[in-house]
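Report on one structure; see the data block that follows.
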Amino acid sequence: MAVLTTALDTPLLARAAAGRLLVGGEWREASSGERFAVVDPGNGAVLADVADATVDDGLAAVAAADAAADAWAATAPRERGEVLRRAFDLMTAHRDELARLITLENGKALTEARAEVGYAAEFLRWYSEEAVRADGRATTSPAGGSTILTRMAPVGLSVLVTPWNFPAAMATRKLGPALAAGCATVLKPAAETPLTALALADLLTTAGAPPGVVNVVPTRAAGPVVRAMLADPRARKVSFTGSTQVGQLLLRQAADRVLRVSMELGGNAPFIVLADADLDVAVASALVAKLRNGGQSCVAANRFYVHARVAEEFCARMGAAMARVRTGYGLDDGVEVGAMINERARDKAHGIVVDAVEAGARVVTGGRVIGSSGFFLEPTLLADTPHTARAFREEIFGPVAPVATFTDPDEAVAWANGTDAGLAAFVQSRDLSTALAVADALEAGMVGINRGVVSDPAAPFGGWKHSGLGREGGHEGLLEYLEPKYVAVSW
Ligand code: NAD
């Protein structure tokens, strides 16, 4: 297979591009000898090929994690924290290389990839600090005579399944708390972006993660490999980030063995602009909420509900701002929005534009597929979008912003809540008490007020309703990997 090695020319990137599985501290080929191609979505070139883990490889990774689990759980929390802290330092030192790798295999603009590396590394720093905070408690039984001693134990072997849209951050958001809590892990990255996961595992190994504590098994056969790992009695937990559909499948599989689950699933975020919003702030927030990662983010603003009094002005300013955004090959200077992950994703988002226009929406800017190679869609603003359009019913996962207007804020809240998704939501208003009242009424795990980004490693990230179970980030993220043990004590 043609492998373009020139772009992956540093020792760290070359090791990642060697594309081997990490099992029990050894970099190895798949038991089948099969490999699969990783493609640059910005130009369609093959970047590298990667060992294609089989079910046997997945189970070997589970065995390796199991062999390492007890010693890692018994390692002093401070020492586990130090491993994570060193990994944070290494990620920071290798920030530019990792950013280039992310851009190459994911397509996002280099500035965004750099931001992702910083964000991803912060999970390692945060959980290096949280490792020593797996607090239990001791209380007197209300009846007297005994002490309720509550201690926290690692939940055990954790299977981590991550998507392609934030290949570094989605991995560290799971590895950080799992390792801090004392769990051994098997990471199954998305087949579109396995190289970043391999580079991270390389750095974690250098940082001192013992053999078997972090295993990585890229595969084209995600279904069978993950199913086999979850069915293995040694696995105790699955943490998944991805589509609601696959999450539901994994919940069913987890039920058979009553595994602990964390699910970070799809979103469909409303972005509500109230009549008193500061439109400069609203447009700046809307741009980042919509176009970060080219809209391929679970917290991306998906449905814009704008008060009728300011809708025309908002659309004019937002349209002008979106038209100025430079879309192109992620590594090129000045590019702000890169390629979409693949042709299917690009065509789906474009199909949503076509559907909206047929339903009566007006294209303020964008709307076209662009580029002679790679997968690009112009940042697109759609005014007067009917509620029946797919743009308002589906997670767009692309740079498309449909707008509808309202006159009664309660109506906007009802629209916002009228979906099974409940991940993020955004509110714009100069009046904080109004904004907080709207935030209270929204069925979402996260609400951004007068801003377009909610992600923060120190905050509990997660969704309500079909958007998930559990939280990542914050102290809550650590609890997902801990199991309380209550000991009744008399003395
Ligand atoms: P996806 O569900 O197709 O894939 C996610 C992961 O699951 C990948 O590693 C994939 O290989 C694996 N997978 C696919 N089929 C599987 C199966 N049958 N069994 C086990 N694993 C399987 O999702 P995607 O297209 O990679 O990512 C986009 C989705 O992820 C969007 O819906 C987005 O909202 C969601 N997402 C959610 C969050 C969050 O934190 N809530 C974050 C990022 C992305």
Test: residue in the range 53-67 that is surrounded by 18 or more Cβ atoms within 10 Å (Cβ to Cβ) and without any contact (Cβ under 8 Å) to a residue 24 or more places away in the chain: no
Test: residue in the range 131-145 that is assigned to a helix (DSSP H, G or I) and over 16 Å from Asp202 (Cβ atoms): no
Pair list, Cβ under 7 Å, 6 or more apart: the range 440-468 residue more than 12 Å from the ligand (Cβ to nearest atom), other residue of a type in the set (S, T, N, Q): Leu442/Asn417; Glu443/Asn417; Asn450/Ser285; Asn450/Gln428; Arg451/Ser285; Gly452/Ser285
Checklist (1) touching a Lys or Arg at 6+ places or on another chain (Cβ under 9 Å); (2) within 10 Å of the ligand (Cβ to nearest atom); (3) within 20 Å of Ala65 (Cα to Cα) applied to Ala153, failing item: (2)
Condition met for Ala412 (assigned by TED's automatic domain parsing to the domain that holds Leu291, part of a strand (DSSP E or B) and among the small types (Gly, Ala, Ser)): no
Ala383 under 19 Å from Gly295 (Cα atoms) and buried (at least 21 other Cβ atoms within 10 Å of the Cβ): yes
Every residue from the range 194-242 that is in contact with a Phe, Trp or Tyr (Cβ under 6 Å, 6 or more places away or on another chain) and open to solvent by 10 Å² or more (accessible area, probe 1.4 Å): Arg220
Breaking point among (1) closer than 29 Å to Ala14 by Cβ; (2) part of a helix (DSSP H, G or I); (3) open to solvent by less than 40 Å² (accessible area, probe 1.4 Å), for Lys108: (2)
Residue in the range 246-264 that is in a helix (DSSP H, G or I), open to solvent by less than 10 Å² (accessible area, probe 1.4 Å), without any contact (Cβ under 8 Å) to a residue 60 or more places away in the chain and within 15 Å of the ligand (Cβ to nearest atom) present: yes
The range 445-485, residues that are in contact with an Asp or Glu (Cβ under 7 Å, 6 or more places away or on another chain), in a strand (DSSP E or B) and within 25 Å of Val132 (Cα to Cα): Phe461, Glu472
Near pairs, Cβ below 8 angstrom, 6+ apart or cross-chain, from the range 164-179 (closer than 19 Å to Ala68 by Cα and at pLDDT 95 or above) to any residue that is assigned to a loop (DSSP other than H, G, I, E, B) and within 12 Å of the ligand (Cβ to nearest atom): Lys174/Thr162
Among (1) within 14 Å of Leu21 (Cβ to Cβ); (2) open to solvent by 10 Å² or more (accessible area, probe 1.4 Å) - the single one Gly144 does not satisfy: (1)
Single unsatisfied condition, Arg317 versus (1) away from the ligand (no atom under 16 Å from the Cβ); (2) part of a loop (DSSP other than H, G, I, E, B): (2)
Residue within the range 293-311 that is within 12 Å of the ligand (Cβ to nearest atom), part of a helix (DSSP H, G or I) and in the same structural domain as Leu442 (by TED's automatic domain parsing) present: yes
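The values are calculated or read from the model by the stated rules, or taken from the named source; none is laboratory data. All figures in this text were calculated on a predicted structure; none of them were measured in a lab. Neighbour counts run over all protein chains shown; Cβ positions are idealised from the backbone, glycine included. Surface accessibility is based on the protein's heavy atoms, side chains included, excluding ligands, DNA and RNA. Shrake-Rupley method; radii C 1.70, N 1.55, O 1.52, S 1.80 Å.
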